[in-house]
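Taking it in order: structure first as structure tokens, then the write-up.
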Amino acid sequence: MKNNSFLDTLAGLNPPRPPKRIPTELKGLGGVRVDDFYWLRDKDDPDTKNYIEAENTYYQAVSAQLQGLADEIFTEIRSKVLETDMSVPAAKGPYEYYGRTEEGKQYAIHCRRLRSQEDTERVLLDENVIAEGHDYMSIGTSSISPDHKLIAYSVDFDGSEVFQLNVAAAEDAYRPFDVLSETYYGIVWSADSKFIFYITPDDTMRPYRIYRHRIGSPQSQDQLVYEEQDERFFLDLGKTSDERFIVIDSQSKTTTEQLLIPSESPLSPPKVFMPRRDGVEYSIDTHEEATFMVTNRDRVDFSVLISDERNPYAPDKDLTWENYIELSDHDKVEGIEIFKTHVAVLLRSDAHLSIKLVSVADRAVHEIPTPDPLGTLWPGVNAEYDTEFFRYGFTSFTTPTSIFEISLKDYSVSLIKAQPVLGGFSSENYSSERLWATSHDGVRVPISLVHRVDLDLSEPKPTLLYGYGSYEHSIDPTFSVSRLSLLDRGFIFAVAHVRGGGELGRKWYEDGKLEKKSNTFHDFVACATHLIAEGYTAPDCLVARGGSAGGLLMGAVLNLRPDLFKGVIAEVPFVDCLTTISDPDLPLTVTEWEEWGNPLESREIYETMLSYSPYDNYRDQGVYPFLYVSTGLNDPRVSYWEPLKWVAKIRSVTPKAPTVLKVEMGAGHMGPTGRYDAWRDESSVLAFVVSITK
């Protein structure tokens, strides 16, 4: 590999010494593992604190070498963003609701005005005011009451994702008269605006209880509406499209059960719509004349079913179902939105997204035109059930986010807002394409990539290859202002759509989980080798990036093929997966067994996870890509000690491996929440990517 001045400089800095070793025996179905750094789980241990401080001091020393470049990239990002901007107003009742930003301010400002009266703006919630005096601030949920007189919003000040829920007059949000503690995401109002339903988590951060709060009463008088006893299941709250029913959604990774409460009768007990059955997922929604269900009960990639029952809470008879829309063999139903005259059906087929509008009157189907097949389409903010227009969004690697409105009468389309990108940006200067790599078992894996049109591809170019591959989460092509700083420096950006994601339907997901999880890692390696073989890039200028479960992917490929990469960016990485999934007392573990398997009951799963666990399998292979690792001390999803232990082991086993670890002391899984802080953070990461590939 070619010489690199930054890495040469890095070699001259003294990294932290590995922390002490205290061998701890971890017994499992496959035998005994010895973990020398298990003790780092104790956040209060002075030695843990000292080691974190040493890593952060080293990170600051290393990043200081790149501060000029990071500042340059930050300036580029900021220069391309219209900092004072606003979203498209969404009509609801007598008002239009929207958000806006102001130059120099970190957070959004939420407003409303009377319909079509721009001079009547009222600020409902200025997140900048809420954030004053806090290093971290995140709004979990905010909701206006049906009578438009009240606002409920939840706030997290440390990244733990445990929220304080405030209820106040809509135009006096900073003086809440109800303050509810220890809440989670998700709030729903009753139709009369007198009650609010909210969720609380248990000690493992599983949202498991639904409470009903009467506005104006103390939290101690709140009524427990529902408690989920099965530790595999999480609770969520919603409303049907016609707002007639409150929906309690209880869902594991493979199974669903939903309960209904009439919105106009909030004291009614919740009733189960369809009892849970292992492996059956469903979601219901209501039209004033019918009940709809999206389910995998009869079709792996889900169907849209309709029943003529108007009241699923108290049906007159057993519900009978029929298919609502004809689907092809490749269609995966992602969801529906129901309106008075149409049903919008979001579909995924062969790694492409589409939206079909189905007329309620005659079931005629109209497919929304897609500007670019290599892009991302989604339903926009459609706040009203009885509407003449449907809003949707589109973006791609080369197209900034655009919001369209289609008439539900004649299907004419209007562009109502395109994300402004300053500094002379033109989509025509960039080109995207879809490639296909062949994995270890002969399966073809899609790759989406983008680069400048004028990039000379006759020789390998620096490339950032991103991957995730878990939870059926699809990484669809989207536009990024910050990415332009890479593309304009001659980079290629690519996404490996590996198994475990949802890009190619349910089977694509199932072939990358449980005992088949290793397919995810082999797919990513296949994508990297394909890009190299086709001459797009080379090992001395290829960087891999992933976060959370994608950080596990980064750790696994680092062990599989370190020779393929000049660097690896692993953000909040899930790298000590076997230890975590073997501890049911940790946050989220039990519900994760349906994704990764239960190593406490299955030796096959134990051995499978042991075979790919980044922490357990790290060894000296004589090849040392640069490694950037980040974590948050308050992260409730991937505990800080996973990346901390991983880096400690790397320093112990391979002292020469160029590695930096950044520990956010006051944040969680999501990183910085203010937009300028997030841009600074991304600028620092991109500075590392650019510097190690020079």
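Looking at segment 574-593 only, could you name the residues that are touching a Phe, Trp or Tyr at 6+ places or on another chain (Cβ under 7 Å) and either closer than 21 Å to residue 687 by Cα or of a type in the set (Ser, Thr, Tyr) (or both)?
591
Collect the residues in segment 268-309 that are of a type in the set (Gly, Ala, Ser), buried (at least 17 other Cβ atoms within 10 Å of the Cβ) and over 26 Å from the mean Cα position of the chain (by Cα), keeping them in residue-number order. Write out each step before concluding.
Kept after step one, since they are of a type in the set (Gly, Ala, Ser), are these residues of segment 268-309: 268, 279, 283, 290, 303, 307.
The next check asks that each one be buried (at least 17 other Cβ atoms within 10 Å of the Cβ); those that pass are 283, 290, 303, 307.
Across segment 268-309, the qualifying residues are 290, 307.
Step by step: first the residues of segment 400-437, then only those that are of a type in the set (D, E, K, R) and over 16 Å from residue 344 (Cα atoms), then the one that is surrounded by the most Cβ atoms within 10 Å (Cβ to Cβ). Which residue is that? Outline the logic, then answer.
To start, the set of residues in segment 400-437 that are of a type in the set (D, E, K, R) comprises 405, 409-410, 417, 428, 433-434.
From the residues that got through so far, the ones that are over 16 Å from residue 344 (Cα atoms) too are 417, 428, 433-434.
On the way: 417: 17, 428: 8, 433: 12, 434: 15.
So the residue we want is 417.
Of these, 666, 622, which one is assigned to a loop (DSSP other than H, G, I, E, B), in contact (Cβ under 8 Å) with a residue 60 or more places away in the chain, surrounded by fewer than 20 Cβ atoms within 10 Å (Cβ to Cβ) and among the small types (Gly, Ala, Ser)?
666
Filter segment 570-601 down to the residues that are out of contact with any Leu (no Cβ under 9 Å at 6 or more places or on another chain) and touching a residue at least 40 places away in the same chain (Cβ under 8 Å) and list them by number.
Hits for segment 570-601 are 571, 572, 576, 585, 586, 587, 588, 589, 590, 591, 592.
Quick one: count up the residues across segment 170-193 that are closer than 21 Å to residue 218 by Cβ and surrounded by fewer than 15 Cβ atoms within 10 Å (Cβ to Cβ).
Counting residues in segment 170-193 that are closer than 21 Å to residue 218 by Cβ and surrounded by fewer than 15 Cβ atoms within 10 Å (Cβ to Cβ) gives 8.
Out of the residues in segment 328-359 meeting the condition of being surrounded by 19 or more Cβ atoms within 10 Å (Cβ to Cβ) and not in a strand (DSSP E or B), tell me which one is farthest from the chain's Cα centre (by Cα).
Across segment 328-359, the extreme among qualifying residues is 339.
Being within 30 Å of residue 593 (Cβ to Cβ), at pLDDT 95 or above and either over 24 Å from the mean Cα position of the chain (by Cα) or not hydrophobic (A, V, I, L, M, F, W, C) (or both) narrows it down to one of 127, 121, 182, so name that one. So that I can check it myself, show each step before the final result.
Numbers: 127 fails: within 30 Å of residue 593 (Cβ to Cβ); 121 fails: within 30 Å of residue 593 (Cβ to Cβ).
Checking each option against the conditions leaves just 182.
Of the residues that sit in segment 1-24 and are touching a Phe, Trp or Tyr at 6+ places or on another chain (Cβ under 7 Å) and not in a loop (DSSP other than H, G, I, E, B), which one is surrounded by the fewest Cβ atoms within 10 Å (Cβ to Cβ)?
Ranking the qualifying residues of segment 1-24, first place goes to 24.
Are there any pairs with C-beta distances below 7 angstrom linking a residue in segment 442-455 that is more than 11 Å from residue 429 (Cβ to Cβ) to a residue that is modelled with pLDDT under 95 and part of a loop (DSSP other than H, G, I, E, B), with the two at least 6 apart or on different chains, and if so which?
Going by the 7 Å Cβ cut-off, the qualifying pairs are 446/351; 448/374.
Charged (D, E, K, R), modelled with pLDDT of 95 or more and assigned to a strand (DSSP E or B), is that true of residue 212?
Working: charged (D, E, K, R): yes; modelled with pLDDT of 95 or more: yes; assigned to a strand (DSSP E or B): yes.
So residue 212 fits the description; yes.
Are any residues in segment 30-59 surrounded by fewer than 17 Cβ atoms within 10 Å (Cβ to Cβ) and in contact with an Asp or Glu (Cβ under 8 Å, 6 or more places away or on another chain), and if so, which ones?
Looking only at segment 30-59, we keep the residues that are surrounded by fewer than 17 Cβ atoms within 10 Å (Cβ to Cβ), and these are 31-32, 34, 42-47, 49-50, 53-54, 57.
Hits for segment 30-59 are 32, 34.
For segment 103-119, name all the residues that are surrounded by fewer than 16 Cβ atoms within 10 Å (Cβ to Cβ) and in a loop (DSSP other than H, G, I, E, B).
Our first condition is that a residue be surrounded by fewer than 16 Cβ atoms within 10 Å (Cβ to Cβ); within segment 103-119, this holds for 103-104, 114-119.
Result: 103, 104, 115, 116, 117.
How do the pairs read when you match residues in segment 324-337 that are under 12 Å from residue 305 (Cβ atoms) with residues anywhere that are charged (D, E, K, R), using Cβ under 7 Å and keeping only pairs 6 or more apart or on different chains?
325/356; 333/301; 336/285
Restricting attention to strands (runs of 3 or more DSSP E) lying wholly within segment 25-102, give those where 3 or more residues are within 27 Å of the chain's Cα centre (by Cα).
On the way: elements: 31-35, 90-92, 95-101.
It comes to 95-101.
Looking at this structure, is residue 648 in a helix (DSSP H, G or I), surrounded by 20 or more Cβ atoms within 10 Å (Cβ to Cβ) and not polar (S, T, N, Q)? Step through it out loud before you land on a result.
Details: in a helix (DSSP H, G or I): yes; surrounded by 20 or more Cβ atoms within 10 Å (Cβ to Cβ): yes; not polar (S, T, N, Q): yes.
Considered against the rule, which asks whether it is in a helix (DSSP H, G or I), surrounded by 20 or more Cβ atoms within 10 Å (Cβ to Cβ) and not polar (S, T, N, Q), residue 648 comes out as yes.
Please find, within segment 406-429, the residue that is nearest to residue 456 (Cα to Cα) out of those that are in a strand (DSSP E or B) and under 26 Å from the mean Cα position of the chain (by Cα). Before you say what the answer is, go through the steps one by one.
Start the filter on segment 406-429 by keeping residues that are in a strand (DSSP E or B), which leaves 406-407, 413-418, 421.
Still in the running and under 26 Å from the mean Cα position of the chain (by Cα): 417-418, 421.
Details: 417: 34, 418: 30, 421: 25 Å.
Selected residue: 421.
Scan (1) over 27 Å from residue 340 (Cβ atoms); (2) charged (D, E, K, R); (3) part of a strand (DSSP E or B) for the single condition residue 285 breaks and write down its number.
Among (1) over 27 Å from residue 340 (Cβ atoms); (2) charged (D, E, K, R); (3) part of a strand (DSSP E or B), the lone unmet condition for residue 285 is (1).
Residue 479 versus (1) buried (at least 22 other Cβ atoms within 10 Å of the Cβ); (2) outside any loop (DSSP other than H, G, I, E, B): which is the lone unmet condition?
(2)
Tell me which of these residue 524 doesn't satisfy, since it passes every other one: (1) outside any helix (DSSP H, G or I); (2) crowded, with 22+ Cβ neighbours inside 10 Å; (3) over 19 Å from the mean Cα position of the chain (by Cα).
(1)
The values are calculated or read from the model by the stated rules, or taken from the named source; none is laboratory data. Keep in mind that this is a model prediction, so the values were computed, not measured. Using ideal geometry, Cβ is built from the backbone for each residue, glycine included, and neighbour counts are taken over all protein chains shown.
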